[in-house]
Amino acid sequence: MESAGLSGPTGAPASKKAKERSKSRSRRRWQKGKAKASRLLHSMDLRTMTQSLVTLAEDNMAFFSSQGPGETARRLLGVFSGIREQALGLEPTLGRLLSVAHLFDLDTETPANGYRSLVHTARCCLAHLLHKSRYVASNRRSIFFRTSHNLAELEAYLAALTQLRALAYYAQHLLAINQPGGLFFEGDERLTAEFLSEYVTLHKGCFYGRCLGFQFTPAIRPFLQTISIGLVSFGEHYKRNEAGLGVTASSLFTSGRFAIDPELRGTEFERVIQNLDVHFWKAFWNITEIEVLSSLANMASTTVRVSRLLSLPPEAFEMPLTSDPKLTVTISPPLAHTGPGPVFVRLISYDLREGQDSEELSSLVKSEGPWSLELRPRPQQVPRSRFLVVHIHGGGFVAQTSKSHEPYLKSWAHELGAPIISIDYSLAPEAPFPRALEECFFAYCWAVKHCAMLGSTGERICLAGDSAGGNLCLTVSLRAAAFGVRVPDGIMAAYPVTTLQSTASPSRLLSIMDPLLPLSVLSKCVSAYSGSETEDYSDPDQKALGMMGLVRRDTSLLLRDLRLGASSWLNSFLELSGRKSQKSSVSIAAPKSVPPTEPMRRSVSEAALAQPEGPQGTDSLKALKDLSLKGSSETSDTPDMSLSVETLGPSTPSDVNFFLRPEDSQETQLLNTKDRGPAVSLFPEGFQPRRSSQGAIRIPLYSSPIVKNPFMSPLLAPDSMLKTLPPLHIVACALDPMLDDSVMFARRLRSLGQPVTLRVVEDLPHGFLSLASLCRETRQAAGQCVERIRLILTPPAAPR
């Protein structure tokens, strides 16, 4: 016989009100317990936490082993036995990692690197299991003990603990094979490929169900849950598009089963991140660009006097050399891949400043439709600011625009008292490297030259960006130095990516559980930006549609339908049940043609789908070679970094081979987990992590050589280039898979005597700037970014 706590009450049923009161008390106790568990996480050392957990697990094992042969008791006995085993196996490895973690810090005041983050994440999981085990021990005899719920949560966190133990062994392996003090593996790429072939087979779904976001601050978790439900629902309808079944906007978020079944959501989330291509992620991330949603975000943000989208004409202009202002260098318009075309930037200013209502600036304004914010007249202008901030947005090089980042940019404009120029660069895979770099550099130089028109005297100029935008801030500054023009007075880079190589590091191991930066998604974004993305069309009708294919066309139509039916979308989003929605038709219109001078669209759209498909590999070769440096003076000694597009001419098959390892011939070597197994076991005898059941995973095993270009991976730049960077302020996240990028780049600059600071915020995910208004923690982290920009614009006086 199972106890009453396992089988439910056997006596007279309690009243409904009594049950509700009991549940309410239990809920309050549970919330208080979570807060207590959080405090214990920071006060209890690893060994004490492990011993406490093992003691509680053994106590619960003894109790449930006496409850008879029932299935529920058997499963509870098994889960506590597993918790005991995994905790005892994990603690020594975490201890070893923690004992050497300090060797990889930037300095004693900045204790942060991937080893510390991995240990902290494992401690979070242990702390949750410790709290849950205490709860079970205290309530297992109660008639109101929710057996199925507690069992499911224990099993989910046991699975997560098992996978974290595997990650700890991976980190221990990296510690053994890496160079002393190095966080990234720098050896033979074949070892990296073998390591990757083992790592990607791990089961990931357990981190996306009940355990979703357990490592982050609690205020973030409801948002992550909402995103995960939206993602798997969007993925389901995207899959329907692939099958030609169609989809309507009103049915997008009606998959209530993903909201009420965490295990199903985790399994589907894993399938989505492993199997859907970069175009899916581009479409999903750009949902925030819908007029209604962006307008709602703007309504809750700071009100500004100026928010105008400008179109910079593709015309060359002269810039003075910093070494001799009498000499100039020609800044040519972007040419890579699509030829000359305008570059879009957004001017944001809290006050209407002198120059911002000039006819010259008004002639550059591009209409954004009825939802755009236009310049509103004000009786009196404010003098030009001494400052100017040039901003480059993130989005994995493949998604989002300045519109997505406008809410926090408005706050910046207010707090800093400076106009902000945010650059809308063209996105991969339609416009791979170096198109984005060319456009950002062109826009930066234009802003420096025309700062008076933008409401600034240009006395102090700051480059600021997040994620992929942080990478572009660094490379734009490197290019400015190579051209000999004015570099910014400083850079603020939030959680930047500094190397695009598929190199393992301790923090990148965290991508297995990160709902915003999974490994397969990172790989797809890098492949798209480097121009090495491969398309596999089994249907000739899809191939006939060009590089975007039939799926991209259907997604474009879906997004247009979303714009038309946003109200229905928002209502259906709130539904958690699987109520059937009424069918509605999706009208199909012919894609509009794109003028020759129009740049690539910034999101999935009909215009983007109309682009012709070029020869495979053509643009990839141009991406490496088209970093031209042209000066107006014949005697200029600036180096010629590459050839122009016109000089290269058409691509040949030999061009494609440049991106492949010699032994790979004409095929990019891909990882198929059905065909490959681990070369060497990294785990002790008797331990095996859980493996993915989602079938084959196809990601590049080897990085394209182009990602070693210092204008793509600034961490790999030679010392002579890095010494040209201005003061750099990095704001990183302790739980970000890209943390080691920031730590190693800061250490590299520090070793060269370059001014650099690193501020690491705790318990927040990658991309916190876009969540600045979500909670107190994200607001404080965003405030750290503002403070770093302020240090650049108003540096402290030098001591006398």
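The values are calculated or read from the model by the stated rules, or taken from the named source; none is laboratory data. Just so you know, these numbers come straight off a predicted model, no measurement behind them. Reconstructed Cβ throughout: ideal geometry from the backbone, glycine too, with neighbour counts over all protein chains shown. Side chains included, ligands, DNA and RNA excluded: accessible areas come from the protein's heavy atoms. Shrake-Rupley method; radii C 1.70, N 1.55, O 1.52, S 1.80 Å.
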Rounded to the nearest 0.05, what FRET efficiency do Ala137 and Ile260 give with R0 = 25 Å and r taken as the Cβ-Cβ distance? Could you check?
-> 0.35
Across bins of 10 angstrom width beginning at 0, how are the C-alpha pair distances of the range 726-800 distributed, in whole percent?
-> 19, 44, 31, 7, 0
Can you list residues whose amide H is under 5 Å from Thr457's amide H, if they're 5+ apart or on another chain and H is modeled 1.01 Å from N?
-> Ser385, Arg386, Phe387
Cα-projected label distance for Phe144 with Arg776, points at 7 Å along beta-carbon direction, nm = 2.9 nm
Length gained, Thr457-Asp45, 0.36 nm per residue minus C-alpha separation, equals 142.9 nm
How much of Arg750 can a 1.4 Å solvent probe reach, expressed as accessible area in Å² and rounded to 10?
-> 100 Å²
Alpha carbon centroid spacing (whole Å) that separates the range 422-485 from the range 120-134 | 45 Å
Quick one: which residues, 5+ away or cross-chain, put their amide H under 5 Å from the amide H of Val343? H built at 1.01 Å from N.
-> Leu312
Run a plain Debye calculation on the range 321-435 (Cα atoms as equal point scatterers, no solvent) and give log10 I(q)/I(0) at q = 0.13, 0.15, 0.16 Å⁻¹, rounded to two decimals, same order as the q list.
-> -0.66, -0.87, -0.96
How far apart, in nm, are two points set 7 Å out from the Cα along the Cα-to-Cβ line at His102 and at Glu58?
-> 3.2 nm
Quick one: ranking Lys326, Lys204 by accessible area, 1.4 Å probe, largest first, what do you get?
-> Lys326, Lys204
Under the Karplus relation 6.51 cos²θ - 1.76 cosθ + 1.60, θ = phi - 60°, what is the ordered set of whole-Hz ³J(HN,Hα) values for the range 77-88, x standing for Gly and Pro?
-> 4, x, 5, 6, 5, x, 4, 4, 4, 5, 5, 5
Judged on accessible area alone, 1.4 Å probe, highest first, Glu194, Glu186, Glu685 line up as Glu685, Glu186, Glu194
Net charge over other residues, Cβ less than 11 angstrom from the Cβ of Gln225 (K, R count +1; D, E count -1) = +3
Counted charge near Glu155, where neighbours are those whose Cβ lies closer than 13 Å (Asp, Glu -1; Lys, Arg +1) = +3
Net charge, Arg508 excluded, C-beta distance under 13 Å - Lys, Arg +1, Asp, Glu -1 | -4
Taking amide H positions as placed 1.01 Å from N in the peptide plane, with prolines and chain starts having none, which residues 5 or more places from Gln381, or on another chain, fall under 5 Å of its amide H?
-> none
